[in-house]
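Contents: one structure, followed by commentary.
No lab work stands behind these numbers, since they all come straight from the coordinates. For clarity, every value in this text was computed on a predicted model and none was experimentally measured. For neighbour counting, all protein chains shown are included, and Cβ atoms are generated from backbone atoms with ideal geometry for every residue, glycine included.
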Amino acid sequence: MKLCCAPLFLLFAISLTARAQTPSAPETRSAPAPIISPEINKDDHSVTFRLKAPNAKSVTLRGQWDKSPLPLTRAEDGIWSGSFPSVPPGVWEYSFEADGLSLLDPGNPAIKPSREPRSSILHIPSSPPAAWDFQDVPHGTVHQHTYFSKALGRPRELVVYTPPTLVRGSTDPLPLLVLQHGSGDNQQTWVTHGKAHWILDHLIATGKARPMIVLMLDGHPLGKTSPQDPNRRAAALEAFRRELFEDALPLVETQYPVAKEASKRAIAGLSMGGGQALSIGLSHLDRFAWIGAFSAGPADEKVTAPLLADVASTNAKLRLLWIGCGVDDRALQRNEAFIAQLKTGGIQHEWHATPGAHTWPIWRTYLADFLPRLFQESP
């Protein structure tokens, strides 16, 4: 009997154990409501910002459109909020500051591409649309490329814009613009934050600019360099020059129908990228006949001396030297000194001193003004 009952007892015990281990039904909990930030009122352009920071003692918002930070108010649920009554149209940078710590807006996926991302993006369209606003026109394509740089010995990335005419199957060689970012940014910034692709789409659609291919590459071949280290900056510029000529341009020439003559090639940039454009473009007028510098550091004497030594040859090769800087920009005095040197030496150029500081709103405007001048018979 004992031998017969033992298996039955064992099965009964296993059954009880299994029942004890069966998980109970999970408690039904409602998901927390999403935090909407930024919330834009389309009628009056007022914008409300929100951040959940229950343990913070103070939270403010700093927006590029206003010099004064906005104090936020804490609710019982730990969500801080505040509103600007009216934000002017534009593509703006902003960030939270919680107890002295700068934060991106976790409710906003639009982030300015940077080497050290610190700013979220707020885009308020204009009416009628500005060149950098989305418009219902034929659109080009933005291509991402990862490649192995032989000049640097490691993988690198670049971005290429192709116009709508190329998308529709055109194979005729197109002009090429090399467009460079500033020291805090990367190869994505001219598109994501500068809206260069939408500016080009609009200008091409309205017949104000010629269809062109645009190359944007990472301007930090040696990592971020300090302005206080001229030797490191010089090495970085040389590394950038080598990568451009040995890797980036050959890649674009292989995969896209780009014209190769200097009269169909331009180089431009802002701040650090403008300095790269001046130094490389003016040193290689056999490759680039069109040069643009936005709030840039001027080229040094090694670059300008050969140009001034043969001004006639310089002016014959140079189709356009376009230089712009805001009157409140920290680079204004250096640019004015450079312009004085060009005037004294007789080198043809255009100088645009405009309202604005060392910020993206002025650089978008400069690009929209510069692009229609490129690759025209009479610049």
Report summary line: Taking Ile291, Ile323 and counting other beta carbon atoms within 10 angstrom, the fewest-first order is Ile323, Ile291
Query - For the stretch 39-124, with +1 on Lys and Arg beta carbons and -1 on Asp and Glu, the positive-most of Thr48, Pro117, Ser95 along the dipole - result: Pro117
Query raised in the report: Which whole-number percent gives the relative contact order of the stretch 39-124, counting Cα pairs below 8 Å spaced six or more residues apart?
Result: 28
Query raised in the report: Can you give the net charge of the other residues whose Cβ lies under 9 Å from the Cβ of Asp247, counting K and R as +1 and D and E as -1?
Result: +1
Query - Dipole in debye (nearest 20) - the stretch 23-154, about Cα centre, beta carbon charges: Lys, Arg +1; Asp, Glu -1 - result: 620
Report task. Give the peptides 258-264, 316-322 in descending order of average Cβ contacts within 10 Å, highest first. Result -> 316-322, 258-264
Query raised in the report: Taking Cα pairs under 8 Å and at least six residues apart, what relative contact order does the chain come out at, in percent?
Result: 11
Query raised in the report: Among Ser279, Ser81, Ser295, which comes first, then next, by fewest other beta-carbon atoms within 10 Å?
Result: Ser81, Ser279, Ser295
Report summary line: Quick note, the stretch 141-373: a/c under 1.5 would make it rounded; otherwise a/b > b/c is prolate and the rest oblate (a ≥ b ≥ c, C-alpha gyration tensor); here it is rounded
Report task. Quote the charge dipole size of the stretch 141-373 about the Cα centre in Debye, to the nearest 20; the model charges only the Cβ of Lys and Arg (+1) and of Asp and Glu (-1). Result -> 200
**Report entry** Share antiparallel - DSSP beta bridges, the stretch 141-373, percent rounded to 5
**Finding:** 35
Query raised in the report: Okay, which of the stretch 318-342 sit inside 13 Å, backbone N to the point 7 Å along the Cα-Cβ direction of Leu308?
Result: 337-342
